[in-house]
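Below is one structure, written out as structure tokens; the observations come after it.
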Amino acid sequence: MARLYEVGQLMQEAAKRSDDAPAAPEPVRPVAVDDDTVRAALAQHLSRISGTRTEIVGFGRKSSGFSWITYAFVARTAAEGDRKLILRVGPPSGLFAPYSVLPQVYALQSLAGSGVPVPALVSSEQDGAEIGFPFFICAHVEGDVPAPWAASELDPDHKRAVARQFIEILASLHRVDADATPFASRHHSGERAEVRAIAGWRASLARPTARYYPLLDWGGRWLQDNCPRPPRRTIVHGDYRIGNFIEHNGRITAILDWELTHLGDPHEDLAWAMLPTFNARSRKLYGVLERTEVIDLYQRASGIPVSDKSLAFYEAYALYQAAAIQMCAVRAFEVDRFNDMRLAVMASQMPSIVRAFERALEAAA
């Protein structure tokens, strides 16, 4: 299950260009990011923006993902004492580089003080400033990130309470007036963002080095031609699932990983959250909430009517994205020579994803 879960981690970075250009990324050769160099540059950056000498204490990587690098550290100054912070860096060696910090920065700015809990933004730079890569710094939030495959170890009543919070927070996100946030500046006239995103994945799968699956070729064209109109344009998280939030004492204290955030159809988030891949293979959200219960709770909390047809479309679209991302990973291993066996393993998962996509297409058609 852990390997399946990696698909969601890849998706946090892969589709972010769906709001911009549909073109597939150019091959990126591995470039090492030296932690000691980043730490020294971070101290320089924080000292500059704070106007006082800042010491970095307890600096270390939080993850060894395929893309963005996450560090936890303490910023120590004489005036403010110690502050627990998080640094996220988009390295040139990332699987889906080059990266933009704008979606996540806009999300943290737009949602501060709203009904959607997010970490407080401290600083960000797209050109890298002292660090040399796109990055942002935010406050550390106490708590744990739940692992979907370990859900069976938790008390069902506890999981039910958390799952209901999870859906209520999603409803709060979709109630935010997107036009009153920085996201409005990312809205392009002309072709819809959802359609551009599908075109981007089709271009990725059409590369000469990608393995050819006739069903994905036909299915991608069907998705592009049949993308439904949204009931309203909302802020969409893009990777809203169990495992992308922090829980502390039974409360969700922060929604994480806003790299894919964009304006679009709220059905996208709802369909994504209910995928069995992110719920330990269960058809129930977090293994406890039935689909009908999730939809009913979401509709009452958001005021947005859920269309069965749109939900089915976005469930098929999610699996199509999963297939495209798997192929990006396989290509990175076989062509770009990324020395990570997790990427190689993804090739073995393609048949099951393609079969699931076929069933989802039949349900959506």
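Numbers below:
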| item | result |
| --- | --- |
| Nearest-20 debye value, segment 229-348 charge dipole, Cβ charges on Lys, Arg, Asp, Glu | 180 debye |
| VAL57-GLN126 FRET efficiency (beta carbon distance; Förster radius 35 Å; 0.05 resolution) | 0.85 |
| Length added when fully stretched, SER114-LYS84, from 0.36 nm per residue minus Cα-Cα | 8.6 nm |
| Binned Cα-Cα distances of segment 101-157, short to long, each 10 Å bin given as a whole percent | 19, 35, 27, 16, 3 |
| The chain - accessible surface per residue (Å², probe 1.4 Å) | 42 Å² |
| Accessible surface of segment 55-171 [probe 1.4 Å, protein heavy atoms]: carbon and sulfur percent | 50 percent |
| Radius of gyration, Dmax [the chain; alpha carbons; angstrom] | 20.1, 63 |
| Loop trypsin sites (Lys or Arg not before Pro), segment 301-365, which have at most 11 other Cβ atoms in a 10 Å radius of their Cβ (DSSP) | ARG337 |
| Farthest positive-ward along segment 261-361 dipole, Cα basis, beta-carbon charges - from ALA356, VAL306, ILE295 | ALA356 |
| Whole-number D in µm² s⁻¹ for segment 214-300, Kirkwood Cα-pair radius fed into Stokes-Einstein, 37 °C, 0.692 mPa s | 223 µm²/s |
| Rel. contact order, % - alpha carbon contacts under 8 angstrom, at least six apart, segment 244-345 | 17 percent |
| Relative contact order (%) - criterion: Cα under 8 Å, at least six apart; region: the chain | 19 percent |
| Förster radius 51 Å - calculated FRET efficiency between SER282 and ARG48 (Cβ-Cβ, nearest 0.05) | 0.60 |
| Unit charges at the beta carbon, dipole of the chain: most positive-side option, LEU275, ILE252, VAL101 | LEU275 |
| Added length on full extension, which subtracts the Cα-Cα distance from 0.36 nm per residue, SER100 to SER185 | 29.1 nm |
| Highest average packing first - 128-140, 172-184, Cβ atoms within 10 Å | 128-140, 172-184 |
| Calculated FRET efficiency for the pair ASP296/VAL345, C-beta based, R₀ 45 Å, to 0.05 | 0.75 |
| Extension reserve of the THR70-ASP308 stretch, reckoned as 0.36 nm per residue once the Cα distance is removed | 81.9 nm |
| Distant alpha-carbon pairs in segment 155-281 (separation over 21 angstrom), percent | 51 percent |
| Segment 165-275, dipole about Cα centre (Lys/Arg Cβ +1, Asp/Glu Cβ -1), debye to the nearest 20 | 300 debye |
| Kirkwood-type radius of segment 222-365, with distances r between different C-alpha atoms, in Å | 16.6 Å |
| Per-peptide average of other Cβ atoms within 10 Å, ordering 229-235, 48-54, 256-262 highest first | 256-262, 229-235, 48-54 |
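The values are calculated or read from the model by the stated rules, or taken from the named source; none is laboratory data. Given the structure is predicted, the values throughout are model-derived calculations rather than measurements. Cβ coordinates were reconstructed from backbone atoms using ideal geometry, including for glycine residues, and neighbour counts include every protein chain displayed. Accessible surface is based on the protein model in full, side chains and every heavy atom, while ligands, DNA and RNA are left aside. Shrake-Rupley method; radii C 1.70, N 1.55, O 1.52, S 1.80 Å.
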